[in-house]
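One structure is given here, and the rest of the page talks about it.
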Amino acid sequence: MPSYSCPSCQARSRFNMIDQVVTPVKINLENGEVEELNNLEPFHLQYNGPARKLQCASCGLIEDEQRFIKMAEHFQNDHSHSPPTNS
């Protein structure tokens, strides 16, 4: 599992994973009935967003999972350099 870090509050241990399930639908404008589409119709774009989002359980921020991963990588890179020594 990748490391995460919240882009807002830098929390690194408590998150909610949100798996997105896409269901194409068409709404009948006359009666408001929702019809699930098995085959996309012309002019109905296919969803192309992320399959998973993350919510920081400390501050509530919801973003794409990749944003939390990139923030953790940035955090690790910043803290992997040893401080300069005075000679």
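The values are calculated or read from the model by the stated rules, or taken from the named source; none is laboratory data. Keep in mind that what you see is a predicted model, and the values were worked out from it rather than measured. Cβ: placed from backbone, ideal geometry, glycine included. Neighbour counts: every protein chain shown. Side chains are part of the model used for accessible areas, which takes the heavy atoms of the whole protein and leaves out ligands, DNA and RNA. Shrake-Rupley method; radii C 1.70, N 1.55, O 1.52, S 1.80 Å.
Structure data summary
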| read-out | value |
| --- | --- |
| Charge context of Glu63, other residues only, Cβ under 12 angstrom, K/R +1, D/E -1 | +2 |
| Residues of the chain: accessible area per residue with a 1.4 Å probe, Å² | 83 |
| Shape parameters for the chain, alpha-carbon atoms, Rg then Dmax in Å | 20.5, 80 |
| Peptides 38-47, 21-30, 61-70 ordered by average Cβ neighbours within 10 Å, highest first | 61-70, 21-30, 38-47 |
| Inter-probe distance in nm under a simple model that places probes 7 Å from Cα toward Cβ, at Ala11 and Asn48 | 3.3 |
| Carbon and sulfur %, accessible surface of the chain computed with the full protein complex present, 1.4 Å | 47 |
| Tilt relative to the chain, helix 65-80 - C-alpha long axis, 0 to 90 degrees, to 10 | 0 |
